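Peer 1: Questions regarding the structure given below will be posed in turn.
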Protein chains: 2
Amino acid sequence: YEFYQQHLQTFCALPACTADGVKVTLQANIELPDEADIALKNGATGIGLLRTEFMYMARSTPPSEQDQFEGYKALVEKIHPSPVTIRTLDVGGDKFVQDLSLQDEANPAMGLRSIRLSLHEKHLFRIQLRAILRASAYGRVRLLFPMISGVAEVRACRKILAEVMDELRKEHVAFDENLPVGIMIETPSAVFLADLLAREVDFFSVGTNDLIQYCLAVDRSNEHVAYLYDPCHPAILRALKTISDAARQAGISASICGEMAAEPMYSLVLLAMGYTDMSMNSCGLSRVKKIMRQWHSADGHALLEQILSRSTATQIAADLRQTVLRHFPDDMQEWEI
Amino acid sequence: YEFYQQHLQTFCALPACTADGVKVTLQANIELPDEADIALKNGATGIGLLRTEFMYMARSTPPSEQDQFEGYKALVEKIHPSPVTIRTLDVGGDKFVQDLSLQDEANPAMGLRSIRLSLHEKHLFRIQLRAILRASAYGRVRLLFPMISGVAEVRACRKILAEVMDELRKEHVAFDENLPVGIMIETPSAVFLADLLAREVDFFSVGTNDLIQYCLAVDRSNEHVAYLYDPCHPAILRALKTISDAARQAGISASICGEMAAEPMYSLVLLAMGYTDMSMNSCGLSRVKKIMRQWHSADGHALLEQILSRSTATQIAADLRQTVLRHFPDDMQEWEI
Ligand SMILES: [Mg+2]
Ligand SMILES: [Mg+2]
């Protein structure tokens, strides 16, 4: 195992592309700015997801605009010229913040969380947007809104963003006027409306963890129904394909930022669907890059066609296992499939 | 208001069809067999949904096969020759049963509930299936499995059903050999797989309450996010249309059994989508029938086309309000829209 880890490290500095030359962008999800060094060391070409909850955790009052600005700025400068995708506060579900999260919800994963909380606590939302915008003057920032369920919600976010931008202009505070604005696609309704949503934003970021959870109505932290939580459920594959197709049609980018991307077997499927941008925990980067570099995209298209014709997750898992066994017999045992 | 109620009663005995002759089937959802009389009095032509939870509630041990059989049989005989759709145990979410429901789930609505619990407690599931099958010898029974998320789950249910049927045959116990078997479409994954699921069953029954909740990731009992729970959200309309189209394509029936059907304004939209079968609480039946009898289906198609082109629920609600104002000005104030 250790040998395999060392072997993987040789891939960190190599470019990410398939054996037949399809370019792939592999970025890192991070929870704390400190993780940026590990991400870069592992070959990440940017931060695909900065979770900003760390700013709000383990403290009794929300962070000031200045505190946030400095935190984001330091990271943006460190990662420059690669981009940093900063996601606005995404609490609730399984991430709680003192004084902000409600205590009385019967199903917090379907409650006042994430962007809903930001739109409810507009004062805090504006402070965070100001801090992110100010940091955007120091490198390449992309702004990401989580848990979007429809067009009206995107417009509500963009309206507040426009107001905050106006404020900053009046104050002669610098920010990136061309800041790309994107949304997480992680609720089923966002999948159903992917074509409409694609017209409202600059990019999609697919949160596979929540997407799987909501599509299957399975709490991913509940051991009693864990057997149902499955990234290769046919419904999930169809949803992922719908999102990718809608993004391509609208000419915007769609990246994957859930744990699914870090599984080499799934990353091949995602690539075949058109997801050439993936963001994951740093430790998964070289593993995925190694596989990509040995993979021919034509094989991916054949595989995708095969699994999309299946009606159960069991059949799809068997197809994937067979593909891996054929193409990557040596790696297979390391992945613990 | 009282006058309007009396006025509505005149519709109970009239046939359900549109002004241009499209036949509609209006049935009742009931929680207790006792409600059957009210359903019939209100003009229901069958029970579209018998919730069987009442059998398990307010008692310390699960009901015996004989208890269940007698309860179902009495209802089936009373409703004969109209059909009764019996749904297997659908606990969890907001309905709990002593000793059966788990206490430690963080998000019970996405936990071990409904068909998942039946497939987990197979012994109880078999008892219920035996009781329903035995009752099917005494009238027209349709069997309905709730909370289905994929093809494998349907097959697991049908496998157990086939085993139970075999047992009964061996015991020379009578049951309806042609018992129609259907599933609730109420998880987003079931919508994504509607075409595949339609090949596995005899009918769909769309549970709009849960469908809306899971699609939008909004707990419908949570007041903090109630503003997001909206039957005319564009994502919901698309989902409902996908389901209806898949059923038509496969040549099976699809009925609606959520609260949405009881809202006259929504019932017009559902009808336009092809849902000619609706089941609702008895008190909504005459209201919906009155509207149907004054409605021309061509107007429905125009309305549907219009609202499907909208991107927000606000626009759709405005379209619906305008339609109602034009066609049913007198009824509008009674509906409290
Ligand atoms: Mg999420
Ligand atoms: Mg339900």
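Peer 1: Quick check for me: using +1 on Lys/Arg Cβ and -1 on Asp/Glu Cβ, what's the dipole size of segment A:96-207 about its Cα centre, in debye to the nearest 20?
Peer 2: Numbers: 14 positive and 15 negative charges, 53 e Å.
Dipole magnitude for segment A:96-207 comes out near 260 debye.
Peer 1: Within 13 Å, Cβ to Cβ, of B:D245, how many net charges do the neighbouring residues add up to if Lys/Arg are +1 and Asp/Glu are -1? Show your work: numbers first, answer last.
Peer 2: Numbers: positive: B:R238, B:K241, B:R248; negative: B:D195.
Overall, the nearby charge balance is +2.
Peer 1: To continue, here is another question. Considering only chain B, pick the residue with its Cβ nearest the axis of the rotation onto chain A, and state the distance in whole Å.
Peer 2: B:P188, 2
Peer 1: Right, next: Within segment A:14-53, find all residues whose amide N lies under 16 Å from a label point positioned 7 Å from the Cα of A:R293 along Cα-to-beta-carbon.
Peer 2: From segment A:14-53, the list is A:14-27, A:41-45.
Peer 1: Give A:K122/A:K159; B:K78/B:K290; A:K23/A:K290 a once-over and call out the pairs whose C-alpha atoms are over 18 Å from each other.
Peer 2: Details: A:K122/A:K159 12 Å; B:K78/B:K290 26 Å; A:K23/A:K290 13 Å.
Distance filter (> 18 Å) returns B:K78/B:K290.
Peer 1: So, one more: Under a Cβ-only charge scheme (Lys and Arg +1, Asp and Glu -1), can you give me the dipole magnitude of segment B:49-165 about the Cα centre, in debye to the nearest 20?
Peer 2: Numbers: 17 positive and 13 negative charges, 107 e Å.
Roughly 520 debye for segment B:49-165.
Peer 1: Could you work out the local net charge near B:K290, counting Lys and Arg as +1, Asp and Glu as -1, over the other residues with Cβ closer than 14 Å to its Cβ? Working shown, then result.
Peer 2: Working: positive: B:R287, B:K289, B:R293; negative: B:E263, B:D330, B:D331, B:E334.
Here the count lands on -1.
Peer 1: Mind checking the dipole of the protein assembly as shown: about its Cα centre, +1 per Lys or Arg Cβ, -1 per Asp or Glu Cβ, Debye to the nearest 20? Before the final figure, lay out the partial values.
Peer 2: On the way: 66 positive and 86 negative charges, 261 e Å.
My answer is approximately 1260 debye.
Peer 1: Which residue, chosen from B:L216, B:C17, A:Q333, occupies the Cα position most advanced towards the positive end of the dipole of the protein assembly as shown, where the dipole is computed from +1 (Lys, Arg) and -1 (Asp, Glu) charges on Cβ about the Cα centre?
Peer 2: Value: B:C17.
Peer 1: At B:K170, label 7 Å along Cα→Cβ: distances to the other copies, nm, ascending?
Peer 2: Here B:K170 shows inter-copy label distances of 8.1 nm.
Peer 1: Specify which residue in the list A:N178, A:G207, A:M165 is farthest towards the positive end of the charge dipole of segment A:162-212, using unit charges on the beta carbon of Lys, Arg (+1) and Asp, Glu (-1), about the Cα centre.
Peer 2: A:G207
Peer 1: Out of all DSSP beta bridges with both ends in segment A:30-144, state the antiparallel percent to the nearest 5.
Peer 2: Expressed as a percentage, antiparallel bridges in segment A:30-144 total about 10.
Peer 1: Just to be sure I understand: with springs between alpha-carbon atoms less than 10 Å apart, which residue in A:Q68, A:Q27, A:Q322 has the highest mean-square fluctuation in the Gaussian network model of chain A?
Peer 2: A:Q322
Peer 1: Here's another thing I want to ask about it. From a point 7 Å beyond the Cα of B:R199 in the direction of its Cβ, which residues of segment B:148-180 have a backbone N at a distance under 13 Å?
Peer 2: B:151-152
Peer 1: Then there is this: What does the highest-first list of B:145-156, B:186-197, A:157-168 look like by mean Cβ count within 10 Å? Could the numbers behind the result be given before it?
Peer 2: Details: B:145-156: 22.8, B:186-197: 26.1, A:157-168: 15.2.
Taking the mean over residues of other Cβ atoms within 10 Å, the ranking is B:186-197, B:145-156, A:157-168.
Peer 1: Residue by residue through A:138-149, how many Cβ atoms from other chains fall within 10 Å of the Cβ on average? Intermediate results must be reported in sequence, preceding the final value.
Peer 2: On the way: counts 0, 0, 0, 0, 0, 0, 0, 0, 0, 1, 0, 9.
For this peptide, the per-residue mean of nearby foreign Cβ atoms is 1.
Peer 1: State the three equivalent ellipsoid semi-axes of segment A:152-282, derived from the C-alpha gyration tensor as the square roots of 5 times its eigenvalues, in descending order and whole Å. Before the final figure, lay out each step's value.
Peer 2: Numbers: eigenvalues 185, 52, 42 Å².
The three semi-axes for segment A:152-282 are 30, 16, 14 Å.
Peer 1: Using a 10 Å cut-off around each Cβ, can you sort A:K289, B:K122, B:K78, B:K170 from fewest to most neighbouring Cβ atoms? Working shown, then result.
Peer 2: Details: A:K289 23, B:K122 13, B:K78 16, B:K170 8.
Lowest count first: B:K170, B:K122, B:K78, A:K289.
Peer 1: Another question, then. So how do A:V206, B:V22 line up by other beta-carbon neighbours within 10 Å, fewest first? Kindly include the intermediate steps, with their values, before the conclusion.
Peer 2: Working: A:V206 30, B:V22 15.
The fewest-first ordering by Cβ neighbours comes to B:V22, A:V206.
Peer 1: In addition: Taking B:L119 in one copy and the same position in all the others, each labelled 7 Å out along Cα→Cβ, what are the pairwise distances from the first, in nm, shortest first?
Peer 2: The answer, with the shortest distance listed first, is 3.3 nm.
Peer 1: Within 10 Å of each Cβ of B:222-228, how many other protein chain Cβ atoms are there on average? Write out the running numbers ahead of the final one.
Peer 2: On the way: counts 9, 3, 9, 10, 0, 2, 8.
Other-chain Cβ atoms within 10 Å of each residue's Cβ, averaged: 6.
Peer 1: Using the 7 Å Cα-to-Cβ label point, sort the distances from B:T314 to its equivalents in the other copies shortest first and give them in nm to one decimal.
Peer 2: Those separations, rounded to one decimal, come out as 4.9 nm.
Peer 1: Using the number of other C-beta atoms within 10 angstrom as an exposure proxy, rank A:E105, B:E171, B:E70 with the fewest first.
Peer 2: Working: A:E105 21, B:E171 8, B:E70 16.
Sorted ascending by nearby Cβ count, the order is B:E171, B:E70, A:E105.
Peer 1: Using the Cα atoms of the protein assembly as shown, I'd like the radius of gyration and the largest Cα-Cα distance, Dmax, both in angstrom.
Peer 2: Cα-based Rg and Dmax for the protein assembly as shown come out at 26.9, 87 Å.
Peer 1: At 0.36 nm per residue, minus the direct Cα-Cα distance, what do A:H7 and A:D166 gain on full extension? Give it in nm, one decimal, please.
Peer 2: Working: separation 159, 0.36 × 159 = 57.24 nm, distance 5.11 nm.
Contour length minus Cα-Cα distance gives 52.1 nm.
Peer 1: Between B:Q315, B:Q213, B:Q103, which gets the highest mean-square fluctuation from a Gaussian network model of chain B, Cα cutoff 10 Å?
Peer 2: Top of the fluctuation ranking is B:Q103.
Peer 1: Suppose each label sits 7 Å from its Cα in the direction of the beta carbon; what would the A:A106-A:C283 distance come out to in nanometres?
Peer 2: 3.8
Peer 1: Continuing with the same structure: Would you mind calculating the gained length between B:R59 and B:R248 on full extension (0.36 nm times residue separation, minus the Cα-Cα distance), in nm to one decimal? Could you put the intermediate results ahead of the total?
Peer 2: Working: separation 189, 0.36 × 189 = 68.04 nm, distance 4.18 nm.
Answer, rounded to one decimal: 63.9 nm.
Read the figures in this text as sums done on the coordinates, not as results from a lab. Since the model is a prediction, treat every value here as computed from it, not as a measurement. So basically every Cβ, Gly included, is an ideal-geometry build from the backbone, and we count neighbours across all protein chains shown.
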